[in-house]
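Encoded as structure tokens, the structure appears first; notes follow it.
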Amino acid sequence: MEVDGARIFVPGATGELGSALARCLHSRGAVLHLAGRDETALRTLRGQLPGVWTSTFDAYELDACAALTRRAADRMGGLDAVVTCVGVPAFGPADHISDAVAEHLMTVNAQAPIAFLRAALPLMEPGGVLAALTGVVAGNPPPHMADYAAAKAALAAWLEAVGKEQRRRHVTLIDLRLPHIDTGFADRAIAGRPPHLPPGLPVAAAVESVMAALVDAPTVSSRAS
């Protein structure tokens, strides 16, 4: 994949991983539309990364997430890739997690990323790439993280199934199943306390893994004007 000139939409760009990925993509010449819920962080990114577009979003507004994908494509003159870095954790035994928290986890970790990616499907040309961060919990759900892992597994299943559907169109879907990353993500849980975790993967190493997955994907043409 040729990143230079590729038009890439990054929802979740205000998190530590998303912002680091945005900086790396920008340094490689990508044309970027960055989205997040933190306007202050987006303003900082605009100052650091000349030429990027930015938008805020609310993960609970799924129709608005889909519309934002289309707006990003319009602004960039097309869409070559989408990389979603959206997510929020919660911890605790399943019988201690409320239905409201479980719904929030499924919405933010599965439905919102899917809304962004689903809206991108008809906009992709052959060689396009759609990627989402799931994590190792999608395939190896640990105790005290049942609902979080279930949401990530739902996203992973969607990516796998849609990847098969899109094979003839030569649109690649990538499940970014990274290990625990040292971003402080677990400390921002909406419920419960995180268990003792081993040292996480450094953010720089996580970005390298994402970039390697994108580069190894079938070609994303450099079509930006």
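The values are calculated or read from the model by the stated rules, or taken from the named source; none is laboratory data. Values in this document were obtained by computation on a predicted structure and should not be read as measured data. Here Cβ is always computed from backbone atoms with ideal geometry, including for glycine, and neighbour counts include all displayed protein chains. SASA here: full protein model, heavy atoms, side chains in, ligands and nucleic acids out. Shrake-Rupley method; radii C 1.70, N 1.55, O 1.52, S 1.80 Å.
Please specify each residue of segment 121-131 satisfying the condition of being surrounded by fewer than 22 Cβ atoms within 10 Å (Cβ to Cβ) and hydrophobic (A, V, I, L, M, F, W, C).
Taking segment 121-131 and keeping what is surrounded by fewer than 22 Cβ atoms within 10 Å (Cβ to Cβ), we get 121-123, 125-127.
If the condition is that a residue be surrounded by fewer than 22 Cβ atoms within 10 Å (Cβ to Cβ) and hydrophobic (A, V, I, L, M, F, W, C), then Leu121, Leu123 are the ones that fit.
Is it the case that some residue within segment 205-212 is among the hydroxyl-bearing types (Ser, Thr, Tyr) and either without any contact (Cβ under 8 Å) to a residue 60 or more places away in the chain or in a helix (DSSP H, G or I) (or both)? Give the derivation first.
Filtering segment 205-212 for residues among the hydroxyl-bearing types (Ser, Thr, Tyr) gives 209.
From what's left, either without any contact (Cβ under 8 Å) to a residue 60 or more places away in the chain or in a helix (DSSP H, G or I) (or both): 209.
Looking through segment 205-212, at least one residue is among the hydroxyl-bearing types (Ser, Thr, Tyr) and either without any contact (Cβ under 8 Å) to a residue 60 or more places away in the chain or in a helix (DSSP H, G or I) (or both).
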Name the single residue that is least open to solvent (accessible area, probe 1.4 Å) among those in segment 61-120 being over 14 Å from Ala154 (Cβ atoms) and among the polar types (S, T, N, Q).
Thr69
Flagged in segment 158-172 as open to solvent by less than 30 Å² (accessible area, probe 1.4 Å) and either in contact with a His (Cβ under 6 Å, 6 or more places away or on another chain) or of a type in the set (A, V, I, L, M, F, W, C) (or both), in numbering order, are Leu159, Val162, Val171
Would you check which residues across segment 159-191 are outside any loop (DSSP other than H, G, I, E, B) and aliphatic (A, V, I, L, M) and list them?
Leu159, Ala161, Val162, Leu173, Ile174, Leu176, Ile181, Ala186
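Yes or no, residue by residue, for (1) free of Cβ contacts under 8 Å to residues at least 12 places away in the same chain; (2) open to solvent by less than 40 Å² (accessible area, probe 1.4 Å); (3) touching a His at 6+ places or on another chain (Cβ under 7 Å):
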{"position": "Ala13", "(1), (2), (3)": "no, yes, no"}
{"position": "Glu16", "(1), (2), (3)": "no, no, no"}
{"position": "Ala20", "(1), (2), (3)": "no, yes, no"}
{"position": "His33", "(1), (2), (3)": "no, yes, no"}
{"position": "Arg37", "(1), (2), (3)": "no, no, no"}
{"position": "Arg43", "(1), (2), (3)": "yes, no, no"}
{"position": "Gly51", "(1), (2), (3)": "no, no, no"}
{"position": "Thr56", "(1), (2), (3)": "no, no, no"}
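Could you count how many residues in segment 91-123 are within 22 Å of Ala191 (Cβ to Cβ) and either within 19 Å of the chain's Cα centre (by Cα) or part of a helix (DSSP H, G or I) (or both)? Show your work before the answer.
Our first condition is that a residue be within 22 Å of Ala191 (Cβ to Cβ); within segment 91-123, this holds for 91-113.
From what is left, the residues that are either within 19 Å of the chain's Cα centre (by Cα) or part of a helix (DSSP H, G or I) (or both) are 94-96, 99-113.
Summing the residues that are within 22 Å of Ala191 (Cβ to Cβ) and either within 19 Å of the chain's Cα centre (by Cα) or part of a helix (DSSP H, G or I) (or both) in segment 91-123 gives 18.
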Within segment 132-153, count every residue that is out of contact with any strand residue (DSSP E or B) (no Cβ under 8 Å at 6 or more places or on another chain), of a type in the set (A, V, I, L, M), buried (at least 18 other Cβ atoms within 10 Å of the Cβ) and in a helix (DSSP H, G or I).
6
